[in-house]
Amino acid sequence: MPAASSSRRKPTRRQNSSDIEEDSTQPNGNASEGDNNGPHSSKRAVKKEKATAGKRRAVAADPGPPGDDDDDDDDRIDVEHFQDQPLQKADLQKLKGIANDWNLIDEVARNSWKVIGDVGVSLAEASQDDEVEESLEEADKIMKDLLDISAEMKAHSQAIIDIHQLVAQGDKIDNAGQRYKDGVKLKLDEYAGKTTRQKYAKSAEYSSFKSAIWDVQYPEKAMPPLTEFIPKDAAEDGDVSDDDDDLEIGGVTQTLKCPISLRTLEDPLTSSVCGHSFSASAIRDLCTLKGLTAYTKCPASGCNKAFRFADCKPDKDLAKKVKAFNRRAERAAEEDSDAEEVIE
């Protein structure tokens, strides 16, 4: 019987756990070379990138050799000593726009003039007692203040226009801001140096304001010159007699009767040719005789002008005066009637 062969392999000796741990931590050269995308390779790449970025930051933070800061300081703009640059012709449109902005502000302020005028007329319609007279004086003061504001807006606008003209002529304007301030101050000083009469007696707006109130209070009387409403101040030495001759505005009566019907105006129309006013129905009938498109001689006494019916426009301001006159006439008639009843 054949001898038994050692077909079974002897069990191999188990490695110590310490050896296993050492083997597992040792890098496998073949694996690292064959598998560059493994987790260990990725970690090393990230660490390498971080190290490179750190070096870059260190280089960027390096202040460099002495003397570099001096070069940076030389490149900085000295704002305090930086001179204004001259205006160019390309800036003309901007200057014009700024001037127009001031004019728009002035127009907004002018809208208040009509409101104050309507308030004055309403107060005059109420009565003529002392309380109403005080209110009219207050309205008069407000109207003058609004005219002063308008003069200030015009000063700003004109100062810009003056600079605009200089630039358009080719003048070198490298101090536009100071020129603007000086120009505004000059014009405001000129206005402040005027007397009260010089400020308001030639103002068409102030004349219209006073005329509207006068026509309500004294409809059949001619309004005296505005200088009668603006007494000369003893401290205002600038009001010489020669100047006063140029300030005589007023003394014109605007009749509330139609020259055709000889009755109080109804739906008044005013001719744009001669300025005379008529009742709408009366002037229409007159113009129809020759045809509405034909020229008709003005029926007002002493007027030689001729116009067409289309030249006669509705006059809202005159219509308000007529309405106020009729109310006052009715009120006066009622007062007379009450007085007669008391006497009886």
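The values are calculated or read from the model by the stated rules, or taken from the named source; none is laboratory data. Because the structure is a prediction, the values reported are computed rather than measured. Note that each Cβ is placed from the backbone with ideal geometry, even for glycine, and that neighbours are counted across all protein chains shown.
Considering only residues that are closer than 23 Å to MET223 by Cβ, of a type in the set (A, V, I, L, M, F, W, C) and in contact with a helix residue (DSSP H, G or I) (Cβ under 7 Å, 6 or more places away or on another chain), which ones fall in the stretch 256-279?
Selection gives LEU256, CYS258, LEU265, LEU269.
In the stretch 143-157, how many residues are touching a Gly at 6+ places or on another chain (Cβ under 9 Å) and surrounded by fewer than 17 Cβ atoms within 10 Å (Cβ to Cβ)?
0
Select from the stretch 187-200 the residues that are surrounded by fewer than 17 Cβ atoms within 10 Å (Cβ to Cβ), over 22 Å from the mean Cα position of the chain (by Cα) and touching a residue at least 12 places away in the same chain (Cβ under 8 Å) and list them in ascending order.
Residues satisfying the conditions are GLY193, LYS194, THR196.
Given (1) in contact (Cβ under 8 Å) with a residue 12 or more places away in the chain; (2) farther than 23 Å from ILE213 by Cα; (3) of a type outside the set (A, V, I, L, M, F, W, C), where does LYS297 come up short, assuming only one miss?
All conditions pass for LYS297, except number (1).
Just give me the residues in the stretch 286-299 being at pLDDT 90 or above and surrounded by 13 or more Cβ atoms within 10 Å (Cβ to Cβ), in sequence order.
LEU286, CYS287, TYR295, THR296, CYS298, PRO299
Only one of TRP113, TRP102 is aromatic (Phe, Trp, Tyr), touching a Lys or Arg at 6+ places or on another chain (Cβ under 9 Å) and crowded, with 16+ Cβ neighbours inside 10 Å; which?
Answer to the selection: TRP102.
Could we say that ASP140 is within 26 Å of ILE160 (Cα to Cα), in contact (Cβ under 8 Å) with a residue 12 or more places away in the chain and either surrounded by 12 or more Cβ atoms within 10 Å (Cβ to Cβ) or aliphatic (A, V, I, L, M) (or both) here?
no
Does at least one position in the stretch 206-219 carry a residue that is in the same structural domain as GLU125 (by TED's automatic domain parsing), crowded, with 18+ Cβ neighbours inside 10 Å and of a type in the set (Asp, Glu)?
yes
Could you pull out every one of the helices (runs of 4 or more DSSP H) wholly within the stretch 154-236 that has 2 or more residues that are closer than 30 Å to LEU92 by Cα and either among the hydroxyl-bearing types (Ser, Thr, Tyr) or modelled with pLDDT of 90 or more (or both)?
So the answer is 176-192.
Can you tell me which residue in the stretch 166-185 is surrounded by the fewest Cβ atoms within 10 Å (Cβ to Cβ), limited to those that are within 18 Å of TRP102 (Cα to Cα) and touching a residue at least 24 places away in the same chain (Cβ under 8 Å)?
GLY177
Being in contact (Cβ under 8 Å) with a residue 40 or more places away in the chain, part of a strand (DSSP E or B) and not basic (Lys, Arg) is the filter here; which residues of the stretch 302-334 pass it?
CYS312, PRO314
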